[in-house]
Amino acid sequence: MEIPLASFTLFPALPSELRLKIWKFALPEPRIIEICNASLFDSGDVVFKQVPCHCSAFIYPALATANIESRNLFLEHFTFCFGTHVSWKHDTIYIYKPYRTGSRDLDHLDREYQTVYESFARTVLASNGGKHLASLALGVHWLWTYWGRESGLPFFAPFSQLKELLLVQGTVGLLKPIDEDPGFE
């Protein structure tokens, strides 16, 4: 009776091309990275952080620490942003609860959302490979409150690689009803 191997000690002896193919198969699957404005309530700065989730252990996945060969391959596909590693070409960035106030004053919300949008664009574009952002998810409330107005569309201009815009409706805590007519035609 043959005993199964507990380890494969010949991996380093494989040709580098084959090892790299194996490491590529071990790359993490695309994720939805939920981020929020984590700045202090009264702060004028916008700081995006990943919302803690089951994948928060992904900050340093095993592939990034196995050896220099696997780490280099990992870093070719991922960059550090929002407190985690991001694959701009494959992961979906979901901006959760961008606002810090419960204000219903549209002028105030316009200013706050404009600050958040500009900060998001700066953060992503400053990150290595961020210009390749391919998938973005936003709450419908964002579009209704801000992008429904004429000033919101230039937000997409820096993201020429954007292939997918997902609109999220009904996330608990994200969608807040607006009692009065926001004035959109």
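Exposure proxy check: Cys81, Cys36 ranked by fewest other beta carbons within 10 Å?
Values: Cys81 21, Cys36 18.
With the sparsest Cβ surroundings first, the list reads Cys36, Cys81.
Quick one: of Lys21/Lys131; Lys21/Lys49; Lys24/Lys49; Lys89/Lys163, which pairs are farther than 21 Å apart, Cα to Cα? Show your work: numbers first, answer last.
On the way: Lys21/Lys131 26 Å; Lys21/Lys49 32 Å; Lys24/Lys49 27 Å; Lys89/Lys163 9 Å.
Cα-Cα > 21 Å for Lys21/Lys131; Lys21/Lys49; Lys24/Lys49; rest within.
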TODO: Evaluate the distance, in nm, between pseudo-label points positioned 7 Å from the Cα of Thr65 and of Leu165 along their respective Cα→Cβ axes.
DONE: 4.0 nm
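May I ask you to order 128-137, 61-70 by the average number of other C-beta atoms within 10 Å around their residues, highest value first?
Numbers: 128-137: 17.9, 61-70: 14.2.
Answer by packing, highest mean first, reads 128-137, 61-70.
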Task: Amide proton proximity set for Trp88, modelled H, under 5 Å, gap of 5+ - done: Thr79
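Quick note: the coordinates plus some simple rules give every number you see, no bench work behind them. Everything numeric here is computed off the predicted structure, so don't read it as measured data. Note: ideal-geometry Cβ built from the backbone for every residue, glycine included; neighbour counts use all protein chains shown.
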